[in-house]
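Enquirer: Sharing a structure with you now.
The values are calculated or read from the model by the stated rules, or taken from the named source; none is laboratory data. Bear in mind the structure is a predicted one, so any value in this text is a computation, not a measurement. Because the Cβ atoms are built from the backbone with ideal geometry, glycine has one as well, and the counts that use them run over all protein chains shown. Keep in mind that these areas ignore ligands, DNA and RNA; they rest on the heavy atoms of the full protein, side chains included. Shrake-Rupley method; radii C 1.70, N 1.55, O 1.52, S 1.80 Å.
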Amino acid sequence: MFDSLSDRLTGALKDLRGKGRLSDADIDRTCREIRLALLEADVSLPVVRAFIARIKDRAKGAEVSAALNPAQQVVKIVNEELVGILGGETRRVTYAKTPPTVIMLAGLQGAGKTTLAGKLGHWLQQQGHTPMLVACDLQRPGAVSQLQIVGERAGVPVFAPHPGTSVGGEGVLGVSSGDPVAVAQGGVDEARRQHYDVVIIDTAGRLGIDEELMRQAADIREATRPDEVLFVVDAMIGQDAVTTAQAFQDGVGFTGVVLTKLDGDARGGAALSVREVTGRPIMFASSGEKLEDFDVFHPDRMASRILGMGDVLSLIEQAEQHWDTQQAEAAAAKITQGDLTLEDFLEQMLMIRKMGPIGNILGMLPGAGQMKDALSQVDDKQLDRVQAIIRGMTPAERDNPKIINASRRLRIANGSGVTVSEVNQLVDRFFEARKMMAQMSGRMGMGAVGRKSN
Ligand code: GDP
């Protein structure tokens, strides 16, 4: 995500390092490079112009700081301005004073609305809410059942214009199945009756912007008076994201933006333009097809990722969500004593993997931008193989890997669909690592690994 932009920007700023004083020419040259980096990332031209003008102005205005050298000051300025165009403060969901809160999703077909409905529902549940999804995309064949599948996966009930839906049983609706406005309204009424506190309305999208689409979305908005209208946009469509956003802003209006597919080869232009062009904040970001690949959008954290400063806060939050402290402490104790088993190792690995794709996790570390080549070699599939090998072992083998002799190795390899040399490698490395970790923890007196500091 934002890899090449991040590379270019860090490259441009690196050239300033080591200079005691920055001349106007230094600043001009750096600004030129930043400008090119942004244009290449598909950020819209007016946004780039305004951004560069502000940076130039501030950098030349020599904001003196005792703590920072001139190069660091420019980085600070660029960081602050990036946070600014990404929206400044993190924008939270506005909930209705009297439930249900209504959140309407709008956007082009394929933007990721239906997928998002599930993710948002799942996230809201984690926040202690009781959400319900409403299927108002009655145009695309299969859209209603897609939402039902998404809802089922997320464990969130779906209100749909067909009998047999999960809310209230068959035929509760009493609305014509062809009228999305009536379905939307019916969904909100149903949520109120059943005491669901948030309603997420999935609406129809089209391949391009057309009046009928806008009218329908505007009618649903009018009828349900949503607390939030989220414009969902595929970050991979570059400049088109801005045009589409503007059209939706004029035709329907929205209160926030959700960027999807940030896991793709997004150049970042959408993220950096949409807020400036529409004046509406990015509220959520979606970065994959799984329910968990979704998070609140934090402009400050995103800016520091783009500038290669890492996103340690998000990493900590994710760890806190998925970390089982007791399990981690038990493993740490075993590490110190040198008797970690493969079962423990598997448990630890599964815990870390709950945080998301391994490349994403490592990508949040400071300096990850510079390690991109190495990181691109890190592949979840390799971890899948390791997991498969360990799962192919008997409990006794996991507990005491020393008993894994040649015939056992062959059986494990056959059972987990890998070669014997892969099994050998894993077992050998495990012994090496166990020894090394025990030595290290002994030397560092690390009895407390995995214990939270608070
Ligand atoms: P809708 O037409 O707006 O409802 O879009 P869908 O939710 O059906 O999504 C269109 C396609 O994009 C589906 O194949 C989704 O699996 C995929 N998709 C949605 N969000 C993401 C994302 O964040 N990353 C990736 N890689 N794919 C996504």
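Enquirer: All but one of (1) of a type outside the set (Phe, Trp, Tyr); (2) modelled with pLDDT under 90; (3) in contact with a Ser or Thr (Cβ under 8 Å, 6 or more places away or on another chain) hold for Gly268; state the number of the condition that does not hold.
Expert: That leaves (3) as the condition not met.
Enquirer: Next question. Residue under question is Ala448, and the condition is that it be open to solvent by less than 40 Å² (accessible area, probe 1.4 Å), farther than 30 Å from Ile306 by Cα and modelled with pLDDT under 90; does it hold?
Expert: no
Enquirer: Further, regarding this structure: Being within 16 Å of the ligand (Cβ to nearest atom), closer than 15 Å to Ala111 by Cα and in contact (Cβ under 8 Å) with a residue 40 or more places away in the chain is the filter here; which residues of the range 236-255 pass it?
Expert: If the condition is that a residue be within 16 Å of the ligand (Cβ to nearest atom), closer than 15 Å to Ala111 by Cα and in contact (Cβ under 8 Å) with a residue 40 or more places away in the chain, then Gly238, Thr244, Phe248 are the ones that fit.
Enquirer: With the condition being crowded, with 23+ Cβ neighbours inside 10 Å and modelled with pLDDT of 90 or more, I'd like the helices (runs of 4 or more DSSP H) fully within the range 145-264 carrying at least 2 qualifying residues.
Expert: In the range 145-264, 180-194, 211-224 are the helices (runs of 4 or more DSSP H) which contain 2 or more residues that are crowded, with 23+ Cβ neighbours inside 10 Å and modelled with pLDDT of 90 or more.
Enquirer: Another question about this same structure. Which of the residues belonging to the range 123-136 are under 20 Å from the mean Cα position of the chain (by Cα) and either more than 16 Å from Val93 (Cα to Cα) or open to solvent by less than 40 Å² (accessible area, probe 1.4 Å) (or both)?
Expert: Trp123, Leu124
Enquirer: Let me ask another. Quick check on my filter: what residues within the range 268-298 are away from the ligand (no atom under 15 Å from the Cβ) and in a loop (DSSP other than H, G, I, E, B)?
Expert: Gly279, Arg280, Pro281, His298
Enquirer: Report whether or not Asp7 is open to solvent by 10 Å² or more (accessible area, probe 1.4 Å), modelled with pLDDT under 90, in contact with a helix residue (DSSP H, G or I) (Cβ under 9 Å, 6 or more places away or on another chain) and in a helix (DSSP H, G or I).
Expert: In short, yes.
Enquirer: So which residues in the range 17-55 are buried (at least 16 other Cβ atoms within 10 Å of the Cβ) and over 32 Å from the mean Cα position of the chain (by Cα)?
Expert: Leu22, Asp26, Ile27
Enquirer: Applying the selection to the range 305-338, what residues are closer than 22 Å to Gly256 by Cβ and either assigned to a loop (DSSP other than H, G, I, E, B) or at pLDDT 75 or above (or both)?
Expert: Listed by number, the residues that qualify are Arg305, Ile306, Asp311.
Enquirer: Any idea which of (1) more than 14 Å from the ligand (Cβ to nearest atom); (2) of a type in the set (D, E, K, R); (3) in contact with a Cys (Cβ under 7 Å, 6 or more places away or on another chain) is the one Arg192 doesn't satisfy?
Expert: (3)
Enquirer: Taking the condition of being assigned to a helix (DSSP H, G or I), touching a Ser or Thr at 6+ places or on another chain (Cβ under 8 Å) and open to solvent by 60 Å² or more (accessible area, probe 1.4 Å), how many residues in the range 386-408 meet it?
Expert: Number satisfying all stated conditions: 2.
Enquirer: Name the one entry in Val150, Val134 that is at negative phi and within 13 Å of the ligand (Cβ to nearest atom).
Expert: Going through Val150, Val134 in turn, just one is at negative phi and within 13 Å of the ligand (Cβ to nearest atom): Val150.
Enquirer: Scanning for something over 22 Å from Leu9 (Cβ atoms), touching a residue at least 24 places away in the same chain (Cβ under 8 Å) and in contact with a Cys (Cβ under 8 Å, 6 or more places away or on another chain), does the range 217-228 turn up at least one residue?
Expert: Yes, that holds for at least one residue.
Enquirer: Right, Ala388: at pLDDT 90 or above and within 30 Å of the chain's Cα centre (by Cα) or not?
Expert: yes
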